[in-house]
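Undergrad: Got a structure for you, questions after.
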Amino acid sequence: MPFASAGEISPLFGLLTLVLVGVVLVSLILLRFRQSLLVGYFLSGVLLANSGLLDWVGADSSDLDRLADLGVILLLFTLGLEFSLTEIKHLRRVALLGGGLQVGLVGLVSGATCVFFGFPFPVAIALAVAIALSSTAVSIKAFHDLGMADSPAARLALGVAIFQDILVIFFMIILPPLLGQGSGSMTAGIGIAVLKGILFLAACWFLSRRGIPQILHAVARTRSRELFTVTVVGLCAAVAFGAVQLNLSAALGAFAAGLVVSESIYSHRVLADILPFRDLFLTIFFVSIGLLIDLGEVASNWALITSVTLIILVIKFGAGFLAAKRLGVGLRPCLLAAAALASTGEFSLVLFERIADFGVFGAWPELEQVLLVSTAIGMGFVPALMRFSDWLVPALERRGWLQGKADPVVELTPEGEREALSGHVIVCGYGPVGRVLQESLAKCNIGALILE
């Protein structure tokens, strides 16, 4: 008998209870094996969907869809909040050249593959873009775990991620007309959608100068934290609703709302208030993706899933490596950045869901399962792949296969004569902190002069 039959507790409440408890238990186990929390969210959804617990609480996976949509909206809102023109200026070469080359190579190969297997050209474009995206959350977390958050490889991965984020926003604008939603030709539909998007963003820019800062200032003067949080969430929802009324995606509206708020002096406070909500609803989003995975279909298509996962990892690793080499980065940062960008990511899942909403997967019912499972497996492999790349370089260098670019070691003579250096770092003191700093510089192929 379903748990909700007594009429006192709704099926949605029972489902949320199972989701949150399951996430905690599964994630605690995975953390012991140094795996990403996102993988734990997927596994929680898979276990719930295939264990019969949903029937016990009288719930259906569709009950989580609206809450999952909130997670995507808040994700795009925080992306807009963190969107920094200054950072883009500093990373413009990496973002435009490295990101464009990486996405272009992956998109070209995956799009051509989709066309070869009989997919219509617009569908091939949509799938190619989704496959080209990488997981920023997993890669940045892995760089932190390796103690390389500010390394050249991490900066390279961040630059490529910025390019991918901009691409996602643009692609969400043109996705409906690209996949045939609306009347008229596809080209005209894309042009109208782009024009609407530009006008909408221009209106939001005007609000960021006149209106929104004044409202936030008035609310801040009340010194009510609750009212400020409600105002921020309400603002995000209002702008997203306005985008929907213009036949644009709610995700674009949420991103625009984040851009509007980012121009105010309260952007850091807004980000601090909204992050807990974003993390909660994003957890629900990833669990809802796991709920879509059918272990029966996975078992029957395990060879195809394994092949697709390996092909995506190899293609994206190779494209990331070539893009990094084109930027003139050393071999070690090249390998690490390529490993960090090797899988599909959270925005890939968002696009897969959007593509599925247009009925694209109807002719290929197993394809959605393959892509979802491949994404989950690939994201789980990224930290291990990065650790393997970090271990591989010293092993190759010891055999003389890779030669680092670090400056030669400098020895001071009694007379104080020393070899001329350039582009190096002077480390004052060689205690515990100095040793860690020098080791980090050596890993980044940066010469160091130590004064003790």
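The values are calculated or read from the model by the stated rules, or taken from the named source; none is laboratory data. Values in this document were obtained by computation on a predicted structure and should not be read as measured data. FYI the Cβ positions are ideal-geometry reconstructions off the backbone, even for glycines, and counts take in every protein chain you see. We work out accessible area using only protein heavy atoms, side chains counted, and drop any ligands, DNA or RNA first. Shrake-Rupley method; radii C 1.70, N 1.55, O 1.52, S 1.80 Å.
Undergrad: Within segment 289-316, can you find the residues that are over 27 Å from Asn50 (Cα atoms) and either loosely packed, with under 15 Cβ neighbours inside 10 Å or without any contact (Cβ under 8 Å) to a residue 40 or more places away in the chain (or both)?
TA: Correct list: Ile311, Val314.
Undergrad: Can you spot a residue in segment 236-246 that is at pLDDT below 80 and in contact with a helix residue (DSSP H, G or I) (Cβ under 7 Å, 6 or more places away or on another chain)?
TA: yes
Undergrad: Out of all the residues in segment 128-153, which are open to solvent by less than 50 Å² (accessible area, probe 1.4 Å) and either of a type in the set (S, T, N, Q) or free of Cβ contacts under 8 Å to residues at least 24 places away in the same chain (or both)?
TA: The answer is Ala128, Ser134, Ser135, Thr136, Ser139, Ala149, Ser151.
Undergrad: Hey, among the residues in segment 8-28 that are farther than 16 Å from Gly290 by Cβ and of a type in the set (A, V, I, L, M), which one's surrounded by the fewest Cβ atoms within 10 Å (Cβ to Cβ)?
TA: Result: Leu28.
Undergrad: I want to confirm something. Restricting to segment 333-344 and keeping residues that are open to solvent by less than 20 Å² (accessible area, probe 1.4 Å) and under 22 Å from Leu441 (Cα atoms), which single residue is modelled with the lowest pLDDT?
TA: My answer is Pro333.
Undergrad: All but one of (1) touching an Asp or Glu at 6+ places or on another chain (Cβ under 7 Å); (2) closer than 17 Å to Gly159 by Cα hold for Gly320, so report the exception by its number.
TA: Tallying (1) touching an Asp or Glu at 6+ places or on another chain (Cβ under 7 Å); (2) closer than 17 Å to Gly159 by Cα, Gly320 fails exactly one: (1).
Undergrad: Shifting gears a bit: If I filter segment 129-143 for residues that are farther than 21 Å from Thr344 by Cα and part of a helix (DSSP H, G or I), do I get at least one hit?
TA: no
Undergrad: So, one more: Filter segment 162-171 for residues that are modelled with pLDDT under 85 and of a type in the set (A, V, I, L, M); which is surrounded by the fewest Cβ atoms within 10 Å (Cβ to Cβ)?
TA: Applying the filter and picking the extreme gives Ile166.
Undergrad: Considering only segment 317-332, how many residues are open to solvent by 10 Å² or more (accessible area, probe 1.4 Å) and either touching a residue at least 12 places away in the same chain (Cβ under 8 Å) or part of a helix (DSSP H, G or I) (or both)?
TA: Residues of segment 317-332 open to solvent by 10 Å² or more (accessible area, probe 1.4 Å): 317-318, 321-322, 325-332.
Still in the running and either touching a residue at least 12 places away in the same chain (Cβ under 8 Å) or part of a helix (DSSP H, G or I) (or both): 317-318, 321-322, 325-327, 329-332.
Number of matching residues: 11.
Undergrad: Can you tell me which of Val232, Val239, Val244, Val194 is under 30 Å from Thr344 (Cβ atoms), hydrophobic (A, V, I, L, M, F, W, C) and crowded, with 18+ Cβ neighbours inside 10 Å?
TA: Being under 30 Å from Thr344 (Cβ atoms), hydrophobic (A, V, I, L, M, F, W, C) and crowded, with 18+ Cβ neighbours inside 10 Å holds for just one of Val232, Val239, Val244, Val194, which is Val239.
Undergrad: Give Ser224, Ser185, Ser249 a once-over and let me know the one that is open to solvent by 20 Å² or more (accessible area, probe 1.4 Å) and under 26 Å from Val129 (Cα atoms).
TA: After applying the criteria, what remains is Ser185.
Undergrad: Go through segment 31-48 and give me each residue that's modelled with pLDDT under 80, assigned to a helix (DSSP H, G or I) and open to solvent by less than 40 Å² (accessible area, probe 1.4 Å).
TA: Correct list: Leu38, Val39.
Undergrad: While we're here: For Leu372, work out the one condition from (1) over 16 Å from Phe285 (Cα atoms); (2) open to solvent by less than 10 Å² (accessible area, probe 1.4 Å) it doesn't fulfil.
TA: Tallying (1) over 16 Å from Phe285 (Cα atoms); (2) open to solvent by less than 10 Å² (accessible area, probe 1.4 Å), Leu372 fails exactly one: (1).
Undergrad: A further question follows. From (1) more than 13 Å from Ala130 (Cα to Cα); (2) in a helix (DSSP H, G or I), pick out the condition that doesn't hold for Ser348.
TA: Here Ser348 clears every test but (1).
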